[in-house]
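The values are calculated or read from the model by the stated rules, or taken from the named source; none is laboratory data. Being a predicted model, the structure only gives us computed values, none of them experimental. Because the Cβ atoms are built from the backbone with ideal geometry, glycine has one as well, and the counts that use them run over all protein chains shown.
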Amino acid sequence: MVGLGALGSAAAYALARRGARVLGLEQFALGHHRGASHDHSRIIRRSYHTSGYVRLAAEAYQAWRELERDSGERLVTVTGGLDLWPAGAAIPSGDYRKSLDACGVAYQWLDAGEVMRRWPPFRLDPDVEGCYQADGGIVPAARGTRVMQRLAAGHGATLLDETPVTGIRETATHVEVAAGDAA
């Protein structure tokens with residue numbers, strides 16, 4: 001695979017864990033700061049405007065549980081999650097409610113007054129709506145990526161950093177990847 005940020009590292013880990021032969025190539029040093037995978041944290045939540053995304057979020061929660069189990073590390077920090085919608089939001093709040101309901105996700109629908117009662121620092125217009133999910137939280141982007149890389153390598157994956165891909169060619173029987181110094 002090409003790229004060993006969070007997505008590439010997750011793919012490498014999942015495939016190697018299943019016994020596949022894996023070669024991962026990263027053009028920069030592992031853990032570089034040029035992408036979205038190498039920050040302190042990212043949100044994990046179930047609230048999305050389509051049931052397809054809500055189902056994908058359920059799979060993401062499961063994948064993080066498996067990664068925690070395999071690594072012996074706690075990676076998901078549950079904080080609870082609050083999404084807010086002002087009147088006239090680009091994606092209507094009702095779309096979120098429908099998708100959460102369709103997937104059987106527990107949540108609490110709150111009006112602006114209840115949001116401000118629970119979280120006094122908020123000052124909201126009266127027409128704002130909120131959705132609270134108890135299992136929303138954060139995951140450690142950079143640390144999670146490192147854990148996936150370590151486990152992938154432990155399952156036999158070959159992960160090469162500072163190895164840019166300079167070409168890809170498909171033949172009738174396979175795909176050839178040219179990698180190395182682009183100069």
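For region 1-19, the set of residues classified as basic (Lys, Arg) and assigned to a loop (DSSP other than H, G, I, E, B) consists of Arg18 only. The single condition among (1) in contact with a Lys or Arg (Cβ under 8 Å, 6 or more places away or on another chain); (2) at negative phi that Asp127 does not meet is (1). A single entry from Arg45, Arg65 fulfils the requirement of being among the charged types (D, E, K, R), closer than 30 Å to Asp95 by Cα and more than 12 Å from the chain's Cα centre (by Cα): Arg65. What number of residues in region 20-54 are in a loop (DSSP other than H, G, I, E, B) and in contact (Cβ under 8 Å) with a residue 12 or more places away in the chain? Counting residues in region 20-54 that are in a loop (DSSP other than H, G, I, E, B) and in contact (Cβ under 8 Å) with a residue 12 or more places away in the chain gives 21. Checked against (1) of a type in the set (Asp, Glu); (2) buried (at least 17 other Cβ atoms within 10 Å of the Cβ); (3) closer than 30 Å to Arg123 by Cβ, Glu26 passes all but a single condition, namely (3). I'd like to check something: does region 59-71 contain any residue that is farther than 23 Å from Ile138 by Cβ and surrounded by fewer than 18 Cβ atoms within 10 Å (Cβ to Cβ)? No, every residue in region 59-71 fails to be farther than 23 Å from Ile138 by Cβ and surrounded by fewer than 18 Cβ atoms within 10 Å (Cβ to Cβ). Inside region 59-173, counting only helices (runs of 4 or more DSSP H) that do not spill past its ends, which hold 2 or more residues that are more than 25 Å from Tyr48 (Cα to Cα)? Counting at least 2 such residues, we get 141-154. From the list Ala29, Ala36, the lone residue that is touching an Asp or Glu at 6+ places or on another chain (Cβ under 6 Å) and hydrophobic (A, V, I, L, M, F, W, C) is Ala29. For region 77-89, a residue qualifies if it is at pLDDT 95 or above and of a type in the set (A, V, I, L, M), and the qualifying residues are Val78, Leu82, Leu84, Ala89.
The single condition from (1) loosely packed, with under 12 Cβ neighbours inside 10 Å; (2) outside the structural domain of His155 (by TED's automatic domain parsing); (3) over 19 Å from Arg150 (Cβ atoms) that Arg34 fails is (2).
All of Val105, Val78 fail the test of being out of contact with any helix residue (DSSP H, G or I) (no Cβ under 9 Å at 6 or more places or on another chain), touching a residue at least 12 places away in the same chain (Cβ under 8 Å) and within 30 Å of Arg17 (Cβ to Cβ), apart from Val78. Evaluation of Asp111 against the conditions (1) charged (D, E, K, R); (2) without any contact (Cβ under 8 Å) to a residue 40 or more places away in the chain; (3) within 30 Å of Gly154 (Cα to Cα) shows that the sole unmet condition is (3).
A quick yes/no check of all residues on (1) of a type in the set (Ser, Thr, Tyr); (2) at pLDDT below 95:
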| position | (1), (2) |
| --- | --- |
| His33 | no, yes |
| Ser47 | yes, no |
| Tyr61 | yes, no |
| Leu75 | no, no |
| Ile91 | no, no |
| Asp95 | no, no |
